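S.K.: Input: one structure, supplied below.
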Amino acid sequence: MNSPAPAFASVPSPFGAPSGPTVRAVHDQFHGDLLEVSMGPQHPSTHGVFRMIASLDGEQIVKLKPVFGYLHRNHEKIAENTSYLASMPYTDRLDYLCSMSTNWAYALAVEKLLGQSVPDRAQYLRVILAEMTRIVNHSCLVGFLFNDLGTSFTPLLYAFREREKFIDLFESLSGSRMMCNYQRFGGCRVDPTPEWLAAARTLIENFPRFLDEYERLLTGNEIMLARTQGIGRLDPARAVNAGITGPVLRASGVDYDIRKVDAYGFYSRFDFRVPLGDHGDTYDRYMLRILEMRESVKILSQAFRDIPAGPIMDPKAKQRGHRPKAGEAYARIEGPKGELGFYLLSDGGPNPYRYRVRPPSLINLTLLEEMCLGHTIADSVVILGSIDIVLGEVDR
Amino acid sequence: MSTPASTPVYVPFPAAGELSDADREDLRRNGILLTSLEELYNWGRSNSIWPLQFGLACCAIEMIAAATARFDIARFGAEIFRPSPRQADLMIVSGTVTKKMAPLVVRLWNQMPEPKYCIAMGACAISGGPFKQGYNVLKGIDRFLPVDIYIPGCPPRPEALLNGLIKLQEQIKGEHLNGPRSARHLRDDAPSEYPIPEYGTHDLTPAQNPALWSAPAPPRYPPVDPTA
Amino acid sequence: MDTLEQLRDRLATRFPEAQVVFVTNPGASAEHSLLLDAAHARDIAFFLRDDPALRLDYCSNATGIDWPEKEITDVVKTSVPDPAGGPAKIVETKSVRVQPGYLEAVYHLFSVALKHGPVVIRLRTANRSDAVTLPSLTPVWRSCDFQEREIFDLFGIVFAGHPDLRRILMWDEFKDHPMRKDYVEPADYEWEPTAHDEVLDKAKAFRASVPSVAARKETAS
Ligand code: SF4
């Protein structure tokens, strides 16, 4: 009958009505009431304590409201009450699957605020660890996505088998499996031994074989194709306007990768491509992750080849007690989930006056409702899984 | 001095609990398995714990890791994570409990059937952990729920979770089915459901369950000599 | 893209009645920003998004900042000539004025189409208590949706024109705005004494429940 109620009834959208199947507006005598389903915060497929309230017409979603805050741990408030360095371990706990890259984003912001430079070897190490983190994140994500599709744990077992190998390396480097707390302002904390680098190199060399195995298992699976192709389409223009970043944006065909755009760190020295999707559906988002992992392997092998010797810490850098001049800085990286930014405002004191995390997971959920409209409730779980959120970052 | 062989001596057989372990092992070697109902029951229960499948924060990832191939929680009979609290025996509170989440955790606990156990996994679930200063962070789930096992760590390694599970199994094996020391779920005075806190204007109301938790005593000071 | 100064001038010619103030960032990053007045902010935002040379189609980050009122001591030095003909005396007059507090919303804009940025714009409320309304930029950039709700929740800025302004992180019954600097959190735990003065004070306050030595002497006798 009608097109779906636009989320912004008062303001004309520059992009017209949302794409995707038309949803019936149900208010005549032939249709019953809408059924409201509250999924979460304890639900096996909401990846933590996420909650969404869906209104259903039969099995079709006509309205979906996410509810946040069940893991709001006051990271920003705590960070404003401690020194710059003391917030570093908290950034591990933001996106707890990717502590290495979150560390980097924060270090980048503080370095920008301090005007601090970073030695070459540390830059290479940062790239190496961030790309390894991306691989871990994407392979786990694919596992979780298939979990949501109903494979009940099997792909996840493969993903975690591989993750353990990476995590062992992280542990031998930083001392902790998940909460690495590895970056410092002006460099890194410990220098990896040649054996560590050799082990990491072997692991990466063997990784494509795992990817092939993984793909043989998953890509092209009939059920998977039926349940992901054409599901949860995301229109590129709307995605940009909604601030969606990372693989979700690129799966819609928008070429925006901060590694290329900002060329932060040493990414300008590496030769890699940015995979793009065509349809912006769940299948593209899955496939894009696989392709990104292959690109990460490419970056990593170049990094292992080129990593120079030298210090890992700027000798002039202060170790603790940072007091940046009054001012503000916004630094961002291409995290595995999207643009991860840190906004810091200093008033010259030992603590940041304002500390803000720009969480990709939260903002990527902006269009969740639009992507789910007209699909069944079972598909909403898969769409959510393909967006890839971590609740520690959504709620902070 | 010696009894004639024709009159058998009646040797009272000791109850299973009174036999020493060595005797029982001896008998077991000879093909006789002795047990008591209590032991059999506890043995079965302790080796088929079904945890509730719910993760709160970072610790949940290590909980998942404990369930995967390398650590394989299935070796201890606890691999069946049930998404429904109605089917679960064990609640692993894995991660930060925020004040917004606390009422729901208590509600989940209330929905679990007895006998049920609670493991507080990680510093956050024990005391608020690194996020203790947060305005929205509950400073320990033991303010609202009875916790059986505390596993420190941030996050605890999967091995630590397995250790906590083994400790829980030991606890279950030591439970009595009757008598004054019977297990908690068999006693009438021990509640099975706990009051669910409500969202208030500044904090949860109540902020803790006074029957379970009270503020720790202030630090001890050296006694003062009244005559000095 | 032109520099921020040029952008300010362009905005000034395009929106003559709007006030656009250039805010300098003295820090090492030198990310300067433009302070817009609330009345024209949304028009300017639409312009920034749609202007073909700018095309700032992507609002990455929106956040709030709380600036409580603070006392500023101004020292004015005046030289008073000595009537006796000696050297002039310098007299310092100190005056204390209260700089009124305000809340601020900061937006970081980028262009996905032209791959440039960031352009930082800020909006300020009149005070922190009753005039806390700013125009919502969600109609311009949908990405501000959750972020403005978060600012409303944690800082208490009311965004006029936001389609769904509710608390996002805290529960609906909650009354405070916890990210404000003067928020008092519920005293529900014993603070570990640390080197930070405020924390030390809180720790002491918690331990105030310990009776003083004199009181303990009394009970002991
Ligand atoms: S204890 Fe540490 S790892 Fe576990 S939930 Fe808390 S912060 Fe995360």
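The values are calculated or read from the model by the stated rules, or taken from the named source; none is laboratory data. Worth saying up front: this structure is predicted, and the values here are computed from it rather than measured. Backbone-built Cβ (ideal geometry, glycine too); neighbour counts: all protein chains shown. Quick note on the areas: whole protein, heavy atoms, side chains included, nothing else; ligands and nucleic acids left out. Shrake-Rupley method; radii C 1.70, N 1.55, O 1.52, S 1.80 Å.
S.K.: Taking region B:134-165 as the region of interest, how many residues are over 24 Å from B:Leu204 (Cβ atoms) and not in a loop (DSSP other than H, G, I, E, B)?
M.R.: Residues in region B:134-165 being over 24 Å from B:Leu204 (Cβ atoms) and not in a loop (DSSP other than H, G, I, E, B): 10 in total.
S.K.: OK, next. In region A:313-331, how many are in contact with a helix residue (DSSP H, G or I) (Cβ under 6 Å, 6 or more places away or on another chain) and surrounded by 20 or more Cβ atoms within 10 Å (Cβ to Cβ)?
M.R.: So the count comes out to 3.
S.K.: Specify which of the listed residues (A:Phe166, A:Phe153) is on the phi < 0 side of the Ramachandran plot and out of contact with any Lys or Arg (no Cβ under 6 Å at 6 or more places or on another chain).
M.R.: A:Phe166
S.K.: Mind checking which residues of region C:153-173 are open to solvent by less than 10 Å² (accessible area, probe 1.4 Å) and within 10 Å of chain A (Cβ to nearest Cβ)?
M.R.: If the condition is that a residue be open to solvent by less than 10 Å² (accessible area, probe 1.4 Å) and within 10 Å of chain A (Cβ to nearest Cβ), then C:Asp153, C:Leu154, C:Ile168, C:Leu169, C:Met170, C:Trp171 are the ones that fit.
S.K.: Among what's in region A:162-180 and is away from the ligand (no atom under 15 Å from the Cβ) and farther than 16 Å from A:Asn137 by Cα, pick the residue that is least open to solvent (accessible area, probe 1.4 Å).
M.R.: A:Leu173
S.K.: Another question about this same structure. Condition first: more than 16 Å from the ligand (Cβ to nearest atom), in contact with a Leu (Cβ under 7 Å, 6 or more places away or on another chain) and at the interface with chain A (Cβ under 7 Å from one of its Cβ atoms). Can you find one or more residues in region B:63-73 that meet it?
M.R.: yes
S.K.: Kindly indicate whether B:Ile141 is more than 11 Å from every other protein chain (Cβ to nearest Cβ), closer than 21 Å to B:Glu175 by Cα and among the β-branched types (Val, Ile, Thr).
M.R.: Taking the combined requirement at face value, the residue does not satisfy it.
S.K.: Please return the ranges of helices (runs of 4 or more DSSP H) entirely within region C:115-221 where 2 or more residues are at pLDDT 90 or above.
M.R.: In region C:115-221, C:144-154 are the helices (runs of 4 or more DSSP H) which contain 2 or more residues that are at pLDDT 90 or above.
S.K.: Being among the hydrophobic types (A, V, I, L, M, F, W, C), under 20 Å from B:Glu62 (Cα atoms), touching a Ser or Thr at 6+ places or on another chain (Cβ under 6 Å) and surrounded by 23 or more Cβ atoms within 10 Å (Cβ to Cβ): is that true of A:Phe146 here?
M.R.: When the stated conditions are applied, A:Phe146 does not pass them.
S.K.: So which residues in region C:22-51 are free of Cβ contacts under 8 Å to residues at least 40 places away in the same chain and within 14 Å of chain A (Cβ to nearest Cβ), if there are any at all?
M.R.: Across region C:22-51, the qualifying residues are C:Thr24, C:Asn25, C:Pro26, C:Gly27, C:Ala28, C:Ser29, C:Ala30, C:Asp43, C:Phe47, C:Asp50, C:Asp51.
S.K.: Under the condition of being buried (at least 24 other Cβ atoms within 10 Å of the Cβ) and part of a helix (DSSP H, G or I), which residue from region A:237-250 is farthest from the other protein chains (Cβ to nearest Cβ)?
M.R.: A:Pro247
S.K.: Determine, yes or no, whether A:Leu113 is among the aliphatic types (A, V, I, L, M) and over 18 Å from the mean Cα position of the chain (by Cα).
M.R.: Yes, satisfied.
S.K.: Is it true that some residue in region C:68-88 is under 22 Å from the mean Cα position of the chain (by Cα) and among the basic types (Lys, Arg)?
M.R.: Among the residues of region C:68-88, at least one is under 22 Å from the mean Cα position of the chain (by Cα) and among the basic types (Lys, Arg), which makes the answer yes.
S.K.: When C:Val20 is evaluated against the numbered criteria (1) under 22 Å from C:Thr138 (Cα atoms); (2) open to solvent by 30 Å² or more (accessible area, probe 1.4 Å); (3) aliphatic (A, V, I, L, M), which criterion, by number, is the only one it fails?
M.R.: Only one criterion in (1) under 22 Å from C:Thr138 (Cα atoms); (2) open to solvent by 30 Å² or more (accessible area, probe 1.4 Å); (3) aliphatic (A, V, I, L, M) is unmet by C:Val20, namely (2).
S.K.: If you don't mind, there's one more thing I want to ask. Suppose we filter region B:149-161 for residues that are surrounded by 19 or more Cβ atoms within 10 Å (Cβ to Cβ) and away from the ligand (no atom under 12 Å from the Cβ); how many remain?
M.R.: 2
S.K.: C:Leu56 is checked against (1) under 24 Å from C:Cys144 (Cα atoms); (2) away from chain A (no Cβ under 14 Å); (3) in a loop (DSSP other than H, G, I, E, B) and fails just one. What number does that condition carry?
M.R.: (2)
S.K.: Also, I was wondering about something else. Is there a residue in region B:111-118 that is open to solvent by 30 Å² or more (accessible area, probe 1.4 Å), acidic (Asp, Glu) and within 21 Å of B:Pro191 (Cβ to Cβ)?
M.R.: yes
S.K.: Let me ask you something else. Report, by residue number, each residue of region B:167-198 that is open to solvent by less than 20 Å² (accessible area, probe 1.4 Å) and farther than 24 Å from B:Pro210 by Cβ.
M.R.: B:Leu168, B:Gln169, B:Ile172, B:Ser182, B:Ala183
S.K.: Testing A:Ala79 on (1) away from the ligand (no atom under 16 Å from the Cβ); (2) touching a Ser or Thr at 6+ places or on another chain (Cβ under 6 Å); (3) within 12 Å of chain C (Cβ to nearest Cβ); (4) among the aliphatic types (A, V, I, L, M), one condition comes back false. Which one is that?
M.R.: Among (1) away from the ligand (no atom under 16 Å from the Cβ); (2) touching a Ser or Thr at 6+ places or on another chain (Cβ under 6 Å); (3) within 12 Å of chain C (Cβ to nearest Cβ); (4) among the aliphatic types (A, V, I, L, M), A:Ala79 violates only (1).
S.K.: Just need a number here: residues in region A:369-396 that are in contact with a strand residue (DSSP E or B) (Cβ under 7 Å, 6 or more places away or on another chain) and either within 16 Å of the ligand (Cβ to nearest atom) or aliphatic (A, V, I, L, M) (or both).
M.R.: Final tally of qualifying residues: 3.
S.K.: Restricting attention to region B:74-99, and to residues there that are more than 14 Å from the ligand (Cβ to nearest atom) and under 24 Å from A:Tyr96 (Cα atoms), which single residue is most open to solvent (accessible area, probe 1.4 Å)?
M.R.: Top of the filtered list is B:Glu79.
S.K.: Follow-up question, since we're still on this one. Got a sec? Which of A:Gly220, A:Gly310, A:Gly253, A:Gly277 is modelled with pLDDT under 90, surrounded by fewer than 17 Cβ atoms within 10 Å (Cβ to Cβ) and under 22 Å from A:Cys140 (Cβ atoms)?
M.R.: So the residue among A:Gly220, A:Gly310, A:Gly253, A:Gly277 that is modelled with pLDDT under 90, surrounded by fewer than 17 Cβ atoms within 10 Å (Cβ to Cβ) and under 22 Å from A:Cys140 (Cβ atoms) is A:Gly220.
S.K.: Can you tell me which of (1) surrounded by fewer than 23 Cβ atoms within 10 Å (Cβ to Cβ); (2) in a loop (DSSP other than H, G, I, E, B) is the one A:Arg259 doesn't meet?
M.R.: (2)
S.K.: Among the numbered criteria (1) modelled with pLDDT of 85 or more; (2) open to solvent by 70 Å² or more (accessible area, probe 1.4 Å), which one does B:Glu62 miss?
M.R.: (2)
S.K.: What number of residues within region B:100-133 satisfy the criterion of being within 16 Å of the ligand (Cβ to nearest atom), more than 8 Å from every other protein chain (Cβ to nearest Cβ), more than 14 Å from B:Ala60 (Cβ to Cβ) and in a loop (DSSP other than H, G, I, E, B)?
M.R.: Final tally of qualifying residues: 0.
S.K.: Now a separate question. Taking the conditions exactly as written (within 13 Å of the ligand (Cβ to nearest atom) and either at pLDDT 90 or above or open to solvent by 20 Å² or more (accessible area, probe 1.4 Å) (or both)), does B:Pro146 satisfy them or not?
M.R.: Spelling it out, it is not the case that B:Pro146 is within 13 Å of the ligand (Cβ to nearest atom) and either at pLDDT 90 or above or open to solvent by 20 Å² or more (accessible area, probe 1.4 Å) (or both).
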